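Reading through the structure tokens given below for one structure.
The values are calculated or read from the model by the stated rules, or taken from the named source; none is laboratory data. Being a predicted model, the structure only gives us computed values, none of them experimental. With ideal geometry, Cβ positions are generated from the backbone for all residues, glycine too; neighbour counts draw on all protein chains shown. In case anyone asks, the SASA skips ligands and DNA or RNA and just uses the protein heavy atoms, side chains included. Shrake-Rupley method; radii C 1.70, N 1.55, O 1.52, S 1.80 Å.
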Amino acid sequence: MGIVNTEIKPFQATAFKQGEFVEITEADVKGKWAVFFFYPADFTFVCPTELGDVADKYEELQKLGVEVFSVSTDTHFTHKAWHDSSETIGKINYYMVGDQTGNITNNFGVMREGQGLADRATFLIDPEGVIQAVEITAEGIGRDADDLLRKVKAAQYVAAHPGEVCPAKWKEGEATLAPSLDLVGKI
């Protein structure tokens, strides 16, 4: 079964955010746009480059009403230690969720069988708690926060403009399409 257009499942976890440990649930996600950014483990190689890239775009995502939740199966204590010891991770102001039970990772279907680690996966969730976009890459392939930002803007545009769709490589302000019988075979 596909996960796009399904509602996120209930969860409870502790996250590290801006120097504090905070409790979060699915209720903290609903009512705003959200990104769940899963990665295998703290203190690794590709992961900090991705998390730092998202940190660089966090202010812009916040202006769009988007909250970011990075998730690994590490603890919130490990997230704090990594945040305090790495210049790249130290610039993160979004939630760093500890999912040591694997509940959230399993809810999203990205737990690596027998490893206890999350796949490298991104989920874009609308204010109703419904998953609108998913990206999953192999271990060695890092994600791009600019493309994530583009997808957020496209999803928000489509949500605000029923009957319109954003074509490939769409950027904010560019033309969209209104699917109709007249367009069949013309694109």
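Computed over region 1-148, relative contact order equals 34 percent, with contacts defined as Cα pairs under 8 Å that lie 6+ residues apart. Report in % the part of the accessible area of region 6-143 that belongs to carbon and sulfur, leaving out ligands and nucleic acids; probe 1.4 Å. C and S atoms contribute 48 percent here.
Where the centre of each part is set by its Cα atoms, how far does region 113-136 sit from region 1-29, in angstrom? When both Cα centres are located, 11 Å separates them.
In debye, nearest 20: dipole of the chain around its Cα centre with unit charges on the Cβ of K, R (+) and D, E (-)?
On the way: 17 positive and 29 negative charges, 61 e Å.
I would put it at about 300 debye.
Matching the structure-derived Rg and Dmax of the Cα atoms in Å against the labelled list [x] 22.3, 70; [y] 17.0, 58; [z] 16.8, 55 gives the label [y].
On a per residue basis, the chain carries 51 Å² of accessible surface, using protein heavy atoms and a 1.4 Å probe.
I'd like to verify something in the chain: which complete DSSP H helices, judged by Cα projection on the helix axis, reach 18 Å or more and average at least 0.0 on the Kyte-Doolittle scale? Intermediate values should be presented prior to the final figure.
Values: long enough: 46-63 (27 Å, -0.69); 145-160 (22 Å, 0.06).
Once both thresholds are applied, what remains is 145-160.
Projecting the Cα atoms of S70, V165, G142 onto the dipole axis of region 50-187, where Lys and Arg carry +1 and Asp and Glu carry -1 at the beta carbon, places V165 farthest toward the positive end.
Once you order the gyration tensor axes a ≥ b ≥ c over the Cα atoms, which shape class does region 124-174 get: rounded for a/c under 1.5, otherwise prolate or oblate by comparing a/b with b/c?
Numbers: a/c = 2.57, a/b = 1.47, b/c = 1.74.
Oblate, because a/c is 1.5 or more while a/b does not exceed b/c.
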